[in-house]
1. Any idea which of A455, A450, A465 is within 43 Å of the chain's Cα centre (by Cα) and farther than 15 Å from K548 by Cβ?
2. I'm told V677 meets every condition in (1) within 35 Å of the chain's Cα centre (by Cα); (2) open to solvent by 20 Å² or more (accessible area, probe 1.4 Å); (3) at pLDDT 85 or above except one. Can you identify the failing condition by its number?
3. Starting from the range 397-419, keep only residues that are exposed (fewer than 15 other Cβ atoms within 10 Å of the Cβ), then list their pairs with residues that are at pLDDT 90 or above and in a helix (DSSP H, G or I) whose Cβ atoms are within a distance under 8 Å, requiring at least 6 positions of separation or different chains.
4. What do you reckon, is A327 under 21 Å from the mean Cα position of the chain (by Cα) and open to solvent by less than 30 Å² (accessible area, probe 1.4 Å)?
5. Are there strands (runs of 3 or more DSSP E) fully within the range 487-568 with at least 1 residues that are closer than 30 Å to R307 by Cα, in contact with a Leu (Cβ under 8 Å, 6 or more places away or on another chain) and at pLDDT 75 or above? List them.
6. Can you tell me which condition D609 does not meet? The list is (1) on the phi > 0 side of the Ramachandran plot; (2) modelled with pLDDT of 90 or more, and all the others hold.
7. Under 6 Å by Cβ, and 6 or more places apart or on different chains, what pairs join a residue from the range 287-303 that is more than 21 Å from D274 (Cα to Cα) with one that is among the small types (G, A, S)?
8. Within the range 681-698, is even one residue among the acidic types (D, E), within 30 Å of M258 (Cα to Cα), assigned to a helix (DSSP H, G or I) and open to solvent by 50 Å² or more (accessible area, probe 1.4 Å)?
Amino acid sequence: MFLKRIRDLYAKFTSKEMPQEGRIFIIAMSLGFIGSLGGWIVTFATATSLLSLLATALLPVSILLMMIIIVRTRNYRAGGYLTSIVFCDIGFPFVFFSSGGIYSGMLAYLLLGTVVISVLLNGKDFAIMLSVYLVINVACFFMQMTGFVAVKPIETEFGLYFDIAASFVIASLLIGLVIKFQRREYLNAQKAAEVASRTKTEFLSNMSHEIRTPMNAIIGMTSIGKSAPAIERKDYAFEKIEAASAHLLGVINDILDMSKIEAGKLELSPADFDFEKMLQKVVNVINFRVDQKYQKLMVHIDKKIPRVLTGDEQRLAQVITNLLSNAVKFTPDQGTIQVDTELLKEEDSVCTVQIKVTDTGIGISKEQQARLFTPFQQAEGSTSRKFGGTGLGLAISKRIVELMGGRIWIESELGRGSTFAFTIQAGCGASQKPSLLKPGIDWTNIRVLAVDDAADIREHFAEIARGLGITCDTASGSEEACGLISRNGSYDIYFIDWKMPGMDGIGLSRWIKERGGGNSVVIMISAMEWSAIEEDAKKTGISKFLSKPLFPSIIADCINECLGIAPVWDRQETEMDDFSGYRILLAEDVEINREILMALLEPSNLAIDCAENGVEAVKLFSENPDRYAMIFMDVQMPEMDGYEATRRIRAFEEDRRKKTAPEFSKKIPIIAMTANVFREDIERCLGAGMDGHLGKPLNLNDVLTKLREYLKSGAE
């Protein structure tokens, strides 16, 4: 039992649970205990005075008690203070005056106390305790030399030699241990610095690659587009430039997000959002890459999840997009990727939602998993060259998930795919979802047939149909579908996969039409782009197309549309507003930025005057303040920046109000338009008197939202 306890103590002592200062503390106190115990035994054996016995007994007892208390409480700073006081400030004078004073081993004990203080305390604590200790030492030596206090000499020669030898040996051992630990600390710090330097170099190399690659595509395709004579060739160049620009913006956003995380300034902007539509947007972004690799993407939405949640939709979409992008990147051609969502619990109007992204990719080893969520780290060094990426995505995702009250983890085996899962907490919307289908119609009379050779697609479609309350049969291929139609008669609506073994979807659609299903609606479903099969499909009489993966609202909208009913949930993008009769002032020093905004807003019939700096903007406004309905203000401009220009415009408005109409309090809306997108930047804009903020590069929908907020569409 005793040996087992010793082994347990040793295991605990050497484990990572014990901090470095804890190990040093225990070693120092153990040596002090052994030395003081030996001194007490010698003192007892030589039959010295009772004062000597008590003084020397004080040290081992107090040290042992301190070791027990401090190891249990883990408060090593307080332990360092307590040990220094007892061992040095109290124990030293007792031992000094009862064990021979300066003529014994007290010089070594002086050194031992100094080492104890330096080992246990740092910084201000070390300076305070060492100063007190030295003052006490000087006082003791002074009192002995002046004869102010009589010092009890050690009565035996053996006791004197033992005291001197023991004190020097213990002091030497402790100094050696301090040197050893400090050297280990230095080597560990040196190793950490080398790792950090290597990581920084690799990160900068990755960043250079990630930034230069799309920049090379942008510059190269710009040259190709300028010299290409054919419109098709120019359009091709524009598409490549757009894709490369989006990738470059993603890299920049990752760097900015990581900067926010490092500064502790990454924050959420909660608002109500449609959970299913958020997933649709994410899938639309990622689908073209799935098509390129002929992969299959499945999305399963738990019907218990409320349609409307309260949270940061953009940040949640960012996490899912990052996980899906990684899944696509590390899954070979024709692999499978699946997104599963589940409502874990709902309590006090707060939903805990779990989202899993599973792939059949290359997998990740246990060793690689340990560093996945660390900034600037990837599964292995070669991935940045083979697969690309900044190594920031998972670290950013982890922080976002934590801000949402959840956690993120990975389940994977090398060569057997991966599952990235995370949970979030979001406010719950309506507990009862509104029907996606038009109310007041008996939808059980509508007969639907879904044909797909993939069993999971058929099962998913049947589950969606049950949730919508419609009658749906499924078939694994054209042959089974033909048998069902022959037995049951024609269906009202067909959802047919395009690519199937044997007779494909085009052939089955043609057979249905020829058999007399002219009134039936045939909807083609495929993971391919509609343009790839549009010509053949239209010749067969197919006019509708759904892209995989399938979502309940998309299927419901399609059924509503087939029956001439407006979709319950409008999925169309908002058309450009008409702002005829309005004029705004655009303060922007970069010509191409002015040109871009004016071109984007040209269809809105909005009149725009331009100023190239803050001075010109203030002049144009002050000369005719009633001319403008709104100002878009760049922040960084020559001569006068946007902050100062805004302050001067606000001062002009205030002065004008006082002189003309004190009761008139209307002020012109000023919207910041800047690439500075941190929260403190936004707050600085608002503090200068601006009414809102738009981040560059500009998003047209965001610009229109601001215009709608302050302008009435279609003014005369």
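The values are calculated or read from the model by the stated rules, or taken from the named source; none is laboratory data. Bear in mind the structure is a predicted one, so any value in this text is a computation, not a measurement. Every residue, glycine as well, gets a Cβ built from its backbone with ideal geometry; the counts of neighbours run over all protein chains shown. All accessible areas refer to the heavy atoms of the entire protein, side chains included, with ligands and DNA or RNA removed. Shrake-Rupley method; radii C 1.70, N 1.55, O 1.52, S 1.80 Å.
1. On the way: A455 fails: farther than 15 Å from K548 by Cβ; A450 fails: farther than 15 Å from K548 by Cβ.
Only one candidate qualifies: A465.
2. With respect to (1) within 35 Å of the chain's Cα centre (by Cα); (2) open to solvent by 20 Å² or more (accessible area, probe 1.4 Å); (3) at pLDDT 85 or above, V677 is out only on (3).
3. Going by the 8 Å Cβ cut-off, the qualifying pairs are R407/V401.
4. For A327, the condition - under 21 Å from the mean Cα position of the chain (by Cα) and open to solvent by less than 30 Å² (accessible area, probe 1.4 Å) - is met.
5. On the way: elements: 493-497, 521-526, 544-547.
By residue number, 493-497, 521-526.
6. (1)
7. Q295/G335
8. As a first pass, look at the range 681-698 and keep what is among the acidic types (D, E): 681, 683, 691.
Narrowing the set further to residues that are within 30 Å of M258 (Cα to Cα) leaves 681, 683, 691.
With the extra rule that they be assigned to a helix (DSSP H, G or I), the set shrinks to 681, 683.
Going one step further and asking which of them are open to solvent by 50 Å² or more (accessible area, probe 1.4 Å), we end up with 683.
The answer is yes; a qualifying residue exists.
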